[in-house]
Amino acid sequence: MPDIHLPIGTSSVHRVMACPASYQRGKVAPRGNTSGAASEGTMLHTVMEAVYADDKQAKDLVGDTFNDDLTFTEDMRTDQIIPAITATEKLLDLIDADELVLEQFVQYVPDLVGGTLDMIAVSADEKTLLLNDYKFGFLTVSPENNKQILLAALAASVDPKTKHLFDKAEKFVGAITQPKAYDDTAPTWAFTKKELYEFEDKLLIALEDAESDAPRAKSGSHCKFCPASPFCPEKKLAAQGALVLNLNDAEQLSSVLDMVDELDMFIKSAKSLAHDLLEKGANIPNYKLVQKRASRVWAEPEVVETIIRNAKKMKIADAYTMKLKSPAQIEKLCKTLELPYAKFEEQQVKISSGTTMVHESDKRPPIAKTVFPANLIALIAK
């Protein structure tokens with residue numbers, strides 16, 4: 001998997017199009033350390049490349065160490081790679097794929113805009129192109145109007161290494177293979193050359209704005225992974241605006257709730273920045289780094305078992321807990337053993353742990369609809 005990152009890549013293009021100012025601000029903002037989840041995702045991409053490019057079996061890679069000294073485990077194989085392979089095979093069958101291009105780095109604007117395509121599949125008649133993007137995180141990603149997929153397609157259509165694939169192509173299919181969100185089925189979104197060129201027009205406008213002397217700035221959900229977020233004036237204004245609102249007023253409380261995600265992102269980015277600076281030796285008044293609370297574990301479980309066997313009043317059974325696995329764990333076991341899960345599924349029930357608050361755009365039906373008084377504090381006090 002190519003380790004090449006352009007200033008405006010496939011994973012950041014949505015942010016630059018929503019907030020062109022993030023491009024220049026991001027160039028001068030300090031970068032934090034790569035998260036464990038990101039490193040694991042990179043490793044799983046490498047495993048998928050090994051399966052399709054090198055014709056390796058995932059089971060033969062278990063125990064191997066990849067980038068950042070991460071070890072590919074059996075759980076990763078069964079939970080992530082097996083469903084990802086199954087979903088990918090369904091996609092290849094869907095378009096009658098005859099040619100694969102894997103982990104190809106493509107550029108739309110050399111040294112500025114582009115990224116790496118996980119997989120391009122070409123149909124046997126060369127009229128359909130599939131752009132398959134692997135995601136191994138929990139945050140659900142949709143392929144519909146996905147700017148990452150659109151930029152990948154646009155860059156591939158002009159990059160000398162891949163543009164020949166588009167000569168006969170009439171139909172394009174974007175797909176997100178994400179086991180933690182979709183299990184072993186990948187949702188797809190079909191788009192046309194017309195839609196691709198419409199995206200290009202919007203991208204060019206954003207790029208011109210991004211490189212101008214006064215680029216447009218806007219805060220929103222796109223700020224989540226922006227390196228400039230802790231220093232963003234728009235974020236600061238949003239935080240200040242939330243503090244002056246009256247939480248005893250239903251309308252103003254709703255306005256605060258609209259800002260919660262943005263404020264949460266701002267706070268998390270500030271904490272992450274502070275942690276990174278402290279690790280690099282910076283002095284931040286009133287704060288310091290300490291060791292996390294340690295959990296006790298057995299250094300050598302085999303030795304502990306020997307101690308138990310030699311103890312007169314303790315048996316091995318006394319030291320172990322036997323518990324029925326959860327439905328999710330049994331389902332995973334059935335997949336590993338290639339057993340049907342249907343009979344187990346008949347015995348499972350779903351029990352909610354309580355309620356959660358979401359925006360009204362959420363598709364789930366409300367539990368109750370109540371007309372609240374203007375004075376919310378009075379209601380709570382009853």
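Taken together, the values in this text are just the output of simple stated rules run on the coordinates, not laboratory data. Just so we're clear, the structure is a prediction, and the values are computed from it rather than from any experiment. All Cβ positions, even for glycine, are placed from backbone atoms using ideal geometry, and neighbour counts span all protein chains on display.
What is the Cα radius of gyration of segment 221-279 over 2.2 N^0.38 Å, N being its residue count? Please report the intermediate quantities before stating the final value.
Working: Rg = 12.8 Å, N = 59, 2.2 N^0.38 = 10.4 Å.
Relative to the 2.2 N^0.38 Å estimate, segment 221-279 comes out at 1.24.
Would you be so kind as to identify which of Ala58, Pro285, Ala274 lies farthest towards the positive end of the dipole of the chain, taking Lys and Arg as +1 and Asp and Glu as -1 on Cβ and the Cα centre as origin?
The residue sitting farthest along the positive end of the dipole is Pro285.
Would you look at the GNM of the chain, springs on alpha carbons closer than 10 Å, and say which of Val303, Val47, Val62 moves the most?
Answer for the Gaussian network model of the chain: Val303.
Of all the C-alpha pairs in segment 172-309, what % are more than 27 Å from each other?
On the way: 5585 of 9453 pairs.
Percentage above 27 Å: 59.
Roughly what % of DSSP beta bridges within the chain run antiparallel, to the nearest 5? List each step's numbers first, then the result.
Numbers: 20 of 29 bridges.
Taking every DSSP beta bridge with both residues in the chain, the antiparallel ones total about 70 percent.
Size of segment 8-210 along its principal axes in angstrom, Cα-based, largest extent first?
48, 47, 28
How large is Rg over Rh for segment 41-141, taking Rg from the Cα atoms and Rh as the Kirkwood inverse mean of 1/r across Cα pairs? Working shown, then result.
Working: Rg = 14.6 Å, Rh = 14.7 Å.
Ratio of gyration radius to Kirkwood radius: 0.99.
Mind checking segment 150-218 for GluC sites (Glu not before Pro) that DSSP puts in a loop (not H, G, I, E or B) and that have at most 10 other Cβ atoms within 10 Å?
Passing both the DSSP loop test and the Cβ count: no residue.
Highest mean first, what order results for 153-160, 22-29 on Cβ atoms within 10 Å? Spell out each step's value before the answer.
Numbers: 153-160: 20.1, 22-29: 18.1.
Result, highest mean Cβ count within 10 Å first: 153-160, 22-29.
Name the residue farthest towards the positive end of the dipole of the chain from the options Tyr197, Leu243, Thr73, assuming +1 on Cβ of Lys and Arg, -1 on Cβ of Asp and Glu, about the Cα centre.
Going by the Cα projections, it comes out as Leu243.
In the chain, how does Rg compare with the Kirkwood Rh, expressed as the Rg/Rh ratio over alpha carbon atoms? Walk me through the intermediate numbers first.
Numbers: Rg = 25.4 Å, Rh = 25.0 Å.
Rg/Rh: 1.02.
If you filter segment 250-284 for trypsin sites (Lys or Arg not before Pro), then keep DSSP loop positions with at most 11 other Cβ within 10 Å, what is left? Could the numbers behind the result be given before it?
Working: sites: Lys268, Lys271, Lys280; in loops: Lys280.
Counting only loop positions with at most 11 other Cβ atoms within 10 Å, the trypsin sites (Lys or Arg not before Pro) in segment 250-284 are Lys280.
Quick one: Debye curve from the C-alpha atoms of segment 257-331, no solvent, what's log10 I(q)/I(0) at q = 0.11, 0.24 Å⁻¹?
Reported log10 I(q)/I(0), two decimals: -0.71, -1.12.
In a Debye calculation with equal point scatterers on the alpha-carbon sites of segment 161-222 and no solvent, what is log10 I(q)/I(0) at q = 0.19, 0.20 Å⁻¹?
-0.96, -0.98
Just to confirm the filter: which chymotrypsin sites (Phe, Trp or Tyr not before Pro) across segment 199-257 are DSSP coil and have at most 15 other Cβ within 10 angstrom of their Cβ?
Values: sites: Phe199, Phe225, Phe231; in loops: Phe225.
Passing both the DSSP loop test and the Cβ count: Phe225.
Restricting to Cα atoms and excluding each atom paired with itself, what does the Kirkwood estimate give for segment 62-112 in Å?
Values: mean 1/r = 0.0716 Å⁻¹.
After inverting the mean inverse Cα-Cα distance, the result is 14.0 Å.
About the Cα centre, and with charges only on the beta carbon of Lys, Arg (+1) and Asp, Glu (-1), how big is the dipole of segment 8-210? Nearest 20 debye, please. Before the final figure, lay out the partial values.
Numbers: 19 positive and 34 negative charges, 167 e Å.
That gives segment 8-210 a dipole magnitude of about 800 debye.
Determine, for each peptide in 254-265, 239-250, 116-127, the mean count of other beta carbons within 10 angstrom over its residues, then list the peptides with the highest first. Each step should come with its number before you reach the end.
Values: 254-265: 14.9, 239-250: 12.6, 116-127: 19.3.
Ranking, from highest mean packing down: 116-127, 254-265, 239-250.
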